[in-house]
1. Show me, for the range B:168-184, the HN-Hα J-couplings you get by feeding each phi into the Karplus relation (A = 6.51, B = -1.76, C = 1.60, θ = phi - 60°), rounded to Hz, glycine and proline as x.
2. A:S116 to A:I81: extension gain in nm, 0.36 nm per residue of separation minus the Cα-Cα distance?
3. I need the fraction of alpha carbon pairs in the protein assembly as shown separated by more than 29 Å, rounded to a whole percent.
4. How much accessible area per residue does the protein assembly as shown have, in Å², with a 1.4 Å probe?
5. Taking a ≥ b ≥ c as the square roots of the Cα gyration tensor eigenvalues, with a/c under 1.5 meaning rounded and otherwise prolate when a/b beats b/c, else oblate, which class fits the range A:17-165?
6. Given a 1.4 Å probe and no ligands, DNA or RNA in the count, how much accessible surface is buried by B and A, both sides, to the nearest 100 Å²?
7. How big is the Cα convex hull of the range A:118-165 in projection, averaged over all directions, in nm²?
8. Quick one: what Rg and Dmax do you get for the range A:1-85 from the alpha carbons, in Å?
Amino acid sequence: MFGGGYAMLPILQREIVENKAWVSEEEIADYYAIGQCTPGAIAVNTATFLGYKKRGVLGGIIATLGVISPSLLIIMLLANIISRFEHYPFVENAFKGIRVAVFVLILNSVVKIGKSAIIDKVTLFIFLVVLIVSIVTKFSPIITVLAAAVLGIAVQWYRRKRRNK
Amino acid sequence: MLYLKLFCEFFKTGLFAVGGGMATLPFLSAIGDTTKWFSPMQLANMVAVSESTPGPLGINMATYVGYTISHAAGAVIATLSEVMPSIIIISIVAAVLQKFKDNQYIKDGFYGLRAASTGLIGAACFSVAKVALLKINVHVNIRTVLSFMKMINWKALLFACILLIITNWIPKIKQWHPIVFIAISALVGMIWKF
């Protein structure tokens, strides 16, 4: 399953909805939406949700283990191989090139996520403050995330109150 | 003790990183900064390998970072700790699905949260840019513009601009899987020697 959480939906749809008929098309879309707005990897959340719906907490745990096992095996194998070769000059040069690609890929994903997250002046303000504070200081990302959630609730509450007047 | 700390750090990452695998990057970066278990450059390399491997990005990164810190045991502990909050939260959410979906406060919380998450990933992107585009072995005081110019790896910067253009604006090519761009960049790095 290449390409992370977003690549998983079509595969889940084929396997779980069409082949196994465990859940309906709408249910899987629901799980996926919830998977995106709960913390953690989207693919893991969707799988956990599915497992939980079929067999309770134990089902959730087993589905999660199923999703993470291939990653564990492949990455450990690769990490082991890479650590043996990373000191060769040609591997170092390859990684220098790769790091440039990683920078561009992350920048692209910031733009992509930003398009759905930065929708008005308030969200633009939150984005800029978090960006600058995180670059300049080593401020805890956990506190940042919690503060932004509280601010979001406060701003929307204030807006609703003003609209109702 | 190391394993306990590993568990705590990755449990926190799994609990607070919202918005998919890339959202865990700022948390991993913070772990590296505070514990010195790995450098920003190592983290950038691990992101590359995780992007080019099957499986969810967030899980791949957790496994790789865990492996770098403490081999197989570290990989297993880091990955399990990161998914544990998911299992707990999803089990609760699944039980109250309808209420969760309709809850105004959760929607409003995410309104602020997503913007903050974007800012955090942006800052992580900045630290990757530093290891990708600056010469780390050149030690100069960044007091003047001229000395800063000396630190910039111009070949790498030019290559970044080219990649930025082809991954965003060239039809068809921009839809290629990230692994293709990573493979091309590895070749360019070997031939062009930044």
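The values are calculated or read from the model by the stated rules, or taken from the named source; none is laboratory data. Please read all numbers here as calculations on a predicted model, not as lab measurements. Here the Cβ positions follow ideal geometry from the backbone for every residue, glycine too, while neighbour counts run over all protein chains shown. To get the accessible areas, we keep the full protein, side chains included, count just its heavy atoms, and leave off ligands, DNA and RNA. Shrake-Rupley method; radii C 1.70, N 1.55, O 1.52, S 1.80 Å.
1. Working through the residues one at a time gives 10, 10, 8, x, 6, 4, 5, 8, 4, 5, x, 4, 5, 5, 5, 5, 4 Hz.
2. On the way: separation 35, 0.36 × 35 = 12.60 nm, distance 3.85 nm.
That works out to 8.8 nm of additional length.
3. Numbers: 26730 of 64261 pairs.
Cα-Cα pairs of the protein assembly as shown separated by over 29 Å account for 42 percent.
4. Numbers: 17900 Å² over 359 residues.
It amounts to 50 Å² per residue over the protein assembly as shown.
5. Numbers: a/c = 2.44, a/b = 1.14, b/c = 2.15.
The shape class here is oblate.
6. Working: alone 12650 and 12970 Å², together 17900 Å².
Roughly 7700 Å².
7. Details: hull surface 13.8 nm².
Mean shadow area of the hull around the Cα atoms is 3.5 nm².
8. For the range A:1-85, the Cα radius of gyration and maximum Cα-Cα distance read 14.3, 47 Å.
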